[in-house]
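Reviewing the structure listed below.
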Amino acid sequence: MSTIFKRTKILATLGPTTNSETTIKELMSAGVNGFRLNFSHGSHEERDQQIEWIRAQSQTVGKPVAILQDLQGPKIRLGVLSEDVIVSAGDELVLDYGAKHSGSTLPVQYNLAEKVKVGEDLYIFDGKVRTVVTEVVGQTAIKIRVENDGVLMSRKGINLPDTDFGGDIITRKDVEDIEYGAKQDIDYVALSFVQSADDINHLRQMLIGLGSSAQIIAKIETKAAIKKDVLEEIIKVSDGVMVARGDLAVEAGAEVVPVVQRHIIALCRRHGKLSIVATQMMASMVDSPQPTRAEVGDIATAVIQGADVVMLSDETATGKYPIETVTSMRKTVLYTQDHSETAPAKEVLTDHAQRDAIATAAVSLAEQLKADAIVAETKSGATAVNIAAHRPNVPIISVTSEKRVAQQLALSYANRSFVRPDGETAGLTLANELYGQDFFGKKKKVRVVIVSGRQPGLIGATDTIRVRMLE
């Protein structure tokens, strides 16, 4: 069958370049399925406006769109320097929390003296300047030895791959942002610098206490998180994972990232969790209207590996060609999925054996019958997500009575979600409606596999598979 829509979705970051209702609509029309709001920048008032624009244009364009709140986390940065500092191998510097720049003493926006130990590595400015901790000085300062020549500038980031933050990754600013997000129309909350499953469980309890139905995305960007006995536990308790390749490359080494990306996507598929590949996917398009061949290959690799989502950061936040970037990414996704098979997955292991068995059977049946689509009636979204975990080669048409679920499914592999009232024939009615709108093309006959429950609207009651011919 011809492609109806892309199976791997696109998540775009909003920023100064795209901060208008018109541009948001253009991005949706070009292929964006969700928007990332980076809470490292901007005010809550700006977020109010962006959320309003996204929801309004989602209605205009006629498709659910997800909103992801990306928390800043303990993003450690230098403070304001009076001037750029040129450093050489062997130089000694003092990083002092709350201090002012004076000679070799540099201000830092986090009290590192409480966390670091002598001998630990410390990287500044995206790893451009490598240093080692040589001494903890008093209550608020540490001394470091520079390992290579370089330049330091105000507010550049600091990475500490060997430092154990002991679960202290949700900052005071994050708490304020979480409380704000719980009152807004937010679908996902991304937690930065996750080190263990406990970090996710902590955030989960916070969201529950605030009455939020947002799902949690664990950002994998630390050396601690990719340990074999830790990573899978993080994935199990999360709703999805973001491979945050920028900080991960600094923390663990650039050579580690491709292998970790493949492993994370495979584990997410195995456990039925959302996978997002992020950072510099089309970085050259910040300044160029055309991607490099390497960038196109990077996107194609993520699609072949079976990623749910590919994400754009600076490309759409501050780049000169945001619409062209999304268009190029969409073309690459579509061509790849139409001309290359998705990598096979290990056995899918979810927390609901019956639902997974139904999903497995539905995908197998759709393939054998060469069905045009799988229709999933779902209250919580779990049925549609389980089907997506098997990476079917046909669209998954999800019908739910919950608006939040439809928005969350906007990022799920191969899913096109619709909000409709619960009912015994909700899936078949929607399929017939779409058939009448030529959703499946100009075919005279369309075969669909419908997955549903005998008690519509009841979570966890999926138990039925039907095959219907539309004509």
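Among the residues of segment 373-406, what is the count of those that are buried (at least 24 other Cβ atoms within 10 Å of the Cβ) and over 24 Å from the mean Cα position of the chain (by Cα)?
Of the residues in that region, 4 qualify.
Determine which single condition Gln290 fails, assuming it passes every other condition in (1) of a type outside the set (Val, Ile, Thr); (2) part of a loop (DSSP other than H, G, I, E, B); (3) over 17 Å from the mean Cα position of the chain (by Cα); (4) within 24 Å of Asp126 (Cα to Cα).
Condition not satisfied by Gln290: (4).
Can you name every residue in segment 204-223 that is crowded, with 18+ Cβ neighbours inside 10 Å, outside any strand (DSSP E or B), among the aliphatic types (A, V, I, L, M) and in contact with an Asp or Glu (Cβ under 8 Å, 6 or more places away or on another chain)?
If the condition is that a residue be crowded, with 18+ Cβ neighbours inside 10 Å, outside any strand (DSSP E or B), among the aliphatic types (A, V, I, L, M) and in contact with an Asp or Glu (Cβ under 8 Å, 6 or more places away or on another chain), then Ala214 is the only one that fits.
Could you count how many residues in segment 39-70 are over 22 Å from Ser412 (Cβ atoms), surrounded by 19 or more Cβ atoms within 10 Å (Cβ to Cβ) and in contact (Cβ under 8 Å) with a residue 40 or more places away in the chain?
2
Any chance segment 419-427 includes a residue that's free of Cβ contacts under 8 Å to residues at least 12 places away in the same chain, farther than 27 Å from Met28 by Cβ and not in a strand (DSSP E or B)?
Scanning segment 419-427 turns up at least one residue that is free of Cβ contacts under 8 Å to residues at least 12 places away in the same chain, farther than 27 Å from Met28 by Cβ and not in a strand (DSSP E or B).
Please tell me if Ala373 is farther than 15 Å from Pro64 by Cα and either at pLDDT below 95 or β-branched (Val, Ile, Thr) (or both).
When the stated conditions are applied, Ala373 does not pass them.
Answer yes if at least one residue in segment 5-18 is at pLDDT 95 or above, hydrophobic (A, V, I, L, M, F, W, C) and either more than 20 Å from the chain's Cα centre (by Cα) or surrounded by fewer than 20 Cβ atoms within 10 Å (Cβ to Cβ) (or both), and no otherwise.
No, because not a single residue in segment 5-18 is at pLDDT 95 or above, hydrophobic (A, V, I, L, M, F, W, C) and either more than 20 Å from the chain's Cα centre (by Cα) or surrounded by fewer than 20 Cβ atoms within 10 Å (Cβ to Cβ) (or both).
With respect to the numbered conditions (1) closer than 20 Å to Gly240 by Cα; (2) modelled with pLDDT of 95 or more; (3) of a type in the set (A, V, I, L, M, F, W, C), which one is the sole condition not fulfilled by Ala359?
(2) is the only condition that Ala359 fails.
Restricting attention to segment 380-398, which residues are part of a loop (DSSP other than H, G, I, E, B) and in contact with a Leu (Cβ under 7 Å, 6 or more places away or on another chain)?
Of everything in segment 380-398, just one residue is part of a loop (DSSP other than H, G, I, E, B) and in contact with a Leu (Cβ under 7 Å, 6 or more places away or on another chain), namely Gly381.
Would you call Ile67 closer than 30 Å to Thr13 by Cβ and in a helix (DSSP H, G or I)?
No, not satisfied.
Taking into account only those residues within segment 457-471 that are in contact with a Gly (Cβ under 7 Å, 6 or more places away or on another chain) and of a type in the set (Val, Ile, Thr), which is modelled with the highest pLDDT?
By that ranking, first place goes to Thr464.
Could you list, in sequence order, the residues of segment 166-183 that are touching a residue at least 60 places away in the same chain (Cβ under 8 Å) and surrounded by fewer than 18 Cβ atoms within 10 Å (Cβ to Cβ)?
Of everything in segment 166-183, those that are touching a residue at least 60 places away in the same chain (Cβ under 8 Å) and surrounded by fewer than 18 Cβ atoms within 10 Å (Cβ to Cβ) turn out to be Asp168, Thr171, Lys173, Tyr180.
Which residue pairs have Cβ atoms closer than 9 Å, lie 6 or more positions apart in sequence or on different chains, and pair a first residue in segment 73-96 that is at positive phi with a second residue that is assigned to a loop (DSSP other than H, G, I, E, B) and surrounded by fewer than 19 Cβ atoms within 10 Å (Cβ to Cβ)?
Gly73/Ser40; Gly73/Thr171; Gly90/Glu147
Every residue in segment 306-327 that is assigned to a helix (DSSP H, G or I) and crowded, with 22+ Cβ neighbours inside 10 Å, please.
Result: Glu315, Thr316, Pro322, Thr325, Val326.
Checking the condition touching a residue at least 60 places away in the same chain (Cβ under 8 Å) and either farther than 19 Å from Gly34 by Cβ or small (Gly, Ala, Ser) (or both), which residue from Val250, Val257 passes?
Val250
So if I check each of Leu231, Leu152, which one is surrounded by 15 or more Cβ atoms within 10 Å (Cβ to Cβ), farther than 18 Å from Leu37 by Cα and in contact with a helix residue (DSSP H, G or I) (Cβ under 8 Å, 6 or more places away or on another chain)?
Leu231
Among (1) under 30 Å from Leu37 (Cβ atoms); (2) modelled with pLDDT of 95 or more; (3) outside any loop (DSSP other than H, G, I, E, B), there is one condition Leu81 misses while meeting the rest; what is its number?
Against the list (1) under 30 Å from Leu37 (Cβ atoms); (2) modelled with pLDDT of 95 or more; (3) outside any loop (DSSP other than H, G, I, E, B), Leu81 comes up short only on (3).
The values are calculated or read from the model by the stated rules, or taken from the named source; none is laboratory data. As the structure is a computational prediction, the values presented were derived from the model and not from experiment. We place every Cβ from the backbone using ideal geometry, glycine too, and count neighbours over all the protein chains shown.
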